[in-house]
Structures are given as structure tokens and as C-alpha cells.
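A short write-up of the structure that comes next.
The values are calculated or read from the model by the stated rules, or taken from the named source; none is laboratory data. Please read these numbers as outputs of a predicted model, since none were measured by experiment. Heads up, the Cβs are rebuilt from the backbone with ideal geometry, glycines too, and the neighbour counts pull from every protein chain shown. Note: accessible area is taken over every heavy atom of the protein model, side chains too, but ligands, DNA and RNA are not part of it. Shrake-Rupley method; radii C 1.70, N 1.55, O 1.52, S 1.80 Å.
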Amino acid sequence: MTPTHFSFTTAFILGLMGVAFHRTHLLSALLCLEGMMLSLFIALAVWSLHMGMTNFSPAPMMLLAFSACEASAGLALLVATARTHGTDRLQNLNLLQC
């Protein structure tokens, strides 16, 4: 395992553990998801450069565009939750009452 592969895998696993174990605030969960997407983007870009595939080069940019859309949708949900419930704590949200 190369050091770059190890660092990308570690970054992804740390983001996944952050989403799984640290679910108190919606903002922290969104930041962990963004970290996971950025580690996937960098790993995909380095992989396509390393393999020399020029026909696969638009894939990292599409992943980055999708992660930007995910971030904007997450921030819109954060604003809507903060306006309706007054906080972004996930424990205070009851999805059955929304």
C-alpha cells in the first residue's frame, strides 16, 4: 500500500467514522460527508493521472460537481432546520412531526 493510497483511505474512513459516531449536529455530519467526497475526488483524480487514462479525466470533475450539489442541498436543509426548530441538533428532530 503506497502512502498516498493509505492517506486517501484514512481520510475516507475518518469521515465515515465521523458520520457514524458523531451525529450530534447536522453541520458536523455535513462536514464529514464533504470530507469523504473530497477524499474520493482526490483519489479518483490521482488514479486517473497515474493510469494515464485521458478518456476518464472528466469523471473527477463530475464527482466534484455532484459533491457541490450535495453540499448546497445539505446547507439548504441546515437553514430550513435551523429556522423551523431553532437548532441543528439531530436529537431534537422528530421526523414524524415535520
Coil-residue chymotrypsin sites (Phe, Trp or Tyr not before Pro) of the chain, DSSP, other Cβ within 10 Å capped at 10: none
For residue 25, residues with placed amide H under 5 Å, excluding near neighbours: 90
Contact order normalised by residue count of the chain, Cα under 8 Å, 6+ apart, percent: 28
Over the chain: helical MRE at 222 nm, DSSP H runs n ≥ 4 each giving -39500 (n - 2.57), nearest 500: -26500 deg cm²/dmol
Filtered trypsin sites (Lys or Arg not before Pro), the chain: DSSP coil and at most 15 other beta carbons within 10 Å: 23
Accessible surface of the chain [probe 1.4 Å, protein heavy atoms]: carbon and sulfur percent: 74
Residue 53 accessible area, assembled protein chains, probe 1.4 Å, Å²: 70
Residue-normalised accessible area of the chain, expressed per residue, 1.4 Å probe, Å²: 71
Selected from 50, 85, 25 as most flexible by GNM, with the chain as the system and alpha-carbon contacts under 10 Å: 50
Range of Cα positions in segment 1-87 per principal axis (Å), largest first: 50, 26, 11
Max mean-square fluctuation residue, GNM over the chain, Cα-Cα springs under 10 Å, options 36, 62, 51: 51
Coordinate range along principal axes, alpha carbons of segment 32-73, Å, largest first: 33, 16, 5
